[in-house]
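Engineer: Below are the structure tokens for one structure; questions will follow.
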Amino acid sequence: MTADARVREVGDIRTAHLFDLVVDLNPRLPIGSGPFGRRVLFGAAGGTFCGPKLHGEVVPGGGDWALFAPDGTMALDVRLTLRTHDGALLHMTYGGRWVTPPALREAMADPAERYRIDPAGYYFRTNPLFETGAEQYAWLNGIVCVGSGYLVEGGIAYKICEVL
């Protein structure tokens, strides 16, 4: 097949570290199996974020309205509020996918051991977007990010990068 003549070279996708995010989680709330899969709410109890341009805390009350497919793949539907060190509020949303190979599923089900599993063994990627009315952080309204997630004791963590 011949490439479409309208296709142009636009350069490789580059990223820059925005911040590391740790979200402390409340006990899960199993909503149950429905027409699209098994829904579980992982509520945010707090947390922190820290990067070269901004840092602060996760405001309790957001969460992930996760949907588990029959094959174990988790589709994320996350909404969080972040408060920067200088008091600005940021609305952060992201979807994503968490795919755990069958060989790791039993270990991931063990609350005492799951955070010790090497994140290289599973696929956990997100696509964060931001909204804010804070003038000093308005630049966040116009960027797209990607994130790599992993489990930590008591919650979940992400390395978030801005797509340049």
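Here, each number is a calculation from the coordinates, and none is a lab measurement. What you are looking at is a predicted structure, and each value in this text was computed from that prediction instead of being measured. Neighbour counts run over all protein chains shown; Cβ positions are idealised from the backbone, glycine included.
Engineer: Among the residues of the stretch 64-73, is there at least one that is within 17 Å of the chain's Cα centre (by Cα), within 20 Å of ASP110 (Cα to Cα) and hydroxyl-bearing (Ser, Thr, Tyr)?
Structural biologist: Within the stretch 64-73, one or more residues are within 17 Å of the chain's Cα centre (by Cα), within 20 Å of ASP110 (Cα to Cα) and hydroxyl-bearing (Ser, Thr, Tyr).
Engineer: If we scan the stretch 108-125, do we find a residue that is under 15 Å from the mean Cα position of the chain (by Cα), part of a loop (DSSP other than H, G, I, E, B) and farther than 23 Å from THR48 by Cα?
Structural biologist: Yes: one or more hits.
Engineer: Where residues in the stretch 34-57 are out of contact with any Ser or Thr (no Cβ under 7 Å at 6 or more places or on another chain) and of a type in the set (D, E, K, R), which of them is nearest to TYR137 (Cα to Cα)?
Structural biologist: Step by step, filter the stretch 34-57, then rank; the result is LYS53.
Engineer: It is to be established whether one or more residues within the stretch 128-137 are in contact (Cβ under 8 Å) with a residue 60 or more places away in the chain and of a type outside the set (S, T, N, Q).
Structural biologist: Yes, the stretch 128-137 contains at least one residue that is in contact (Cβ under 8 Å) with a residue 60 or more places away in the chain and of a type outside the set (S, T, N, Q).
Engineer: State whether the residues of the stretch 47-57 include one that is more than 17 Å from GLU131 (Cα to Cα), touching a Gly at 6+ places or on another chain (Cβ under 8 Å) and surrounded by 15 or more Cβ atoms within 10 Å (Cβ to Cβ).
Structural biologist: Yes - at least one qualifying residue is present in the stretch 47-57.
Engineer: Now for a separate question. Could you run through the stretch 135-153 and say how many residues are surrounded by fewer than 16 Cβ atoms within 10 Å (Cβ to Cβ) and out of contact with any helix residue (DSSP H, G or I) (no Cβ under 8 Å at 6 or more places or on another chain)?
Structural biologist: Here the count works out to 8.
Engineer: Take ILE13 and decide whether it is over 22 Å from PRO128 (Cα atoms) and touching a strand residue (DSSP E or B) at 6+ places or on another chain (Cβ under 7 Å).
Structural biologist: no
Engineer: For the structure I just gave you, tell me whether GLY37 is surrounded by fewer than 17 Cβ atoms within 10 Å (Cβ to Cβ), on the phi > 0 side of the Ramachandran plot and in contact with a Phe, Trp or Tyr (Cβ under 8 Å, 6 or more places away or on another chain).
Structural biologist: yes
Engineer: Exposed (fewer than 13 other Cβ atoms within 10 Å of the Cβ) and among the aliphatic types (A, V, I, L, M), is that true of ILE13?
Structural biologist: Judged against the criteria, ILE13 is a match.
Engineer: Can you confirm whether the stretch 81-99 contains a residue that is within 29 Å of SER33 (Cβ to Cβ), touching a residue at least 24 places away in the same chain (Cβ under 8 Å) and surrounded by fewer than 13 Cβ atoms within 10 Å (Cβ to Cβ)?
Structural biologist: no
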